[in-house]
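Structure record follows, encoded as structure tokens.
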Amino acid sequence: MDKKDLRQFIRMQKGQFTQKELEELSLPIIKRLLAHPRVKQAHTLMMYYSLDDEVNTHEVINQLVEQGKKVLLPAVVDDTRMELRQYADPCDLRGGFFHIMEPVGKVFTDYDSIDVAIVPGMAFDSRCNRLGRGKGYYDRFLSKRPTIYKIGVCFDFQKLPGIPAEENDIKMDEVL
């Protein structure tokens, strides 16, 4: 299957679950994430504010902030770029590109201080390849920051034996 067909296949898989079921499936993944040594030791994390069909990160983001961690969320700038902004609480969010909630705070540029990036994906494979939604935002951003430890998060049905990967596709360091 090519990338387009795989994305469609995963969308169909996600469509078999209700929103409540996906939220319940998110709980053990988030529990593993919070217990992960890299996340526990991190001072600054790049996260994502989940869409309805992704592993739900809304509460974990707030938990991490309450633990005193700096949480950064992406904000789409244009058709090819995203930037990071610090998250403090839900009042910091507004609807952005693609109906994704994005922070409105100051742009964060101290990329060397980011300990861990928690990255969503349509699918991941056993070699930690990631299939995104097709716009390349994460690949472009992470390609310029190779020292950031990257953890992909997804539901079990999004883990595939193999996915097509190109040279510009950024691998994760691990997938939960």
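The values are calculated or read from the model by the stated rules, or taken from the named source; none is laboratory data. Computed from a predicted structure; not experimentally measured. Heads up, the Cβs are rebuilt from the backbone with ideal geometry, glycines too, and the neighbour counts pull from every protein chain shown. Each accessible area value is taken on the protein alone, full model and side chains, heavy atoms only, with ligands, DNA and RNA left out. Shrake-Rupley method; radii C 1.70, N 1.55, O 1.52, S 1.80 Å.
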Quick count over segment 31-63, residues being surrounded by fewer than 18 Cβ atoms within 10 Å (Cβ to Cβ), of a type in the set (A, V, I, L, M, F, W, C) and part of a helix (DSSP H, G or I), is 2
Per the list (1) open to solvent by less than 40 Å² (accessible area, probe 1.4 Å); (2) in contact (Cβ under 8 Å) with a residue 40 or more places away in the chain; (3) under 19 Å from L142 (Cβ atoms), residue check on F108 breaks on (2)
Taking segment 43-57 and keeping only residues that are closer than 24 Å to S113 by Cβ and within 16 Å of the chain's Cα centre (by Cα), one is left with T44, L45, M46, M47, Y48, Y49, S50, T57
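Consider R81 carefully, then state whether it is surrounded by fewer than 15 Cβ atoms within 10 Å (Cβ to Cβ) and within 22 Å of L6 (Cα to Cα).
Numbers: surrounded by fewer than 15 Cβ atoms within 10 Å (Cβ to Cβ): yes; within 22 Å of L6 (Cα to Cα): no.
Answer is no for this residue.
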Cβ pairs under 8 Å, 6+ apart or interchain, first in segment 1-24 and over 19 Å from V153 (Cβ atoms), second in a helix (DSSP H, G or I), ordered by first then second residue, are M1/F9
Hey, K20 more than 15 Å from the chain's Cα centre (by Cα), charged (D, E, K, R), open to solvent by 60 Å² or more (accessible area, probe 1.4 Å) and closer than 24 Å to R140 by Cβ or not:
no
Scanning segment 82-93 for residues that are in a strand (DSSP E or B) and modelled with pLDDT of 85 or more, the one nearest to N62 (Cα to Cα) turns out to be Y87
Scanning segment 158-176 for residues that are touching a Leu at 6+ places or on another chain (Cβ under 8 Å) and surrounded by fewer than 16 Cβ atoms within 10 Å (Cβ to Cβ) gives P164
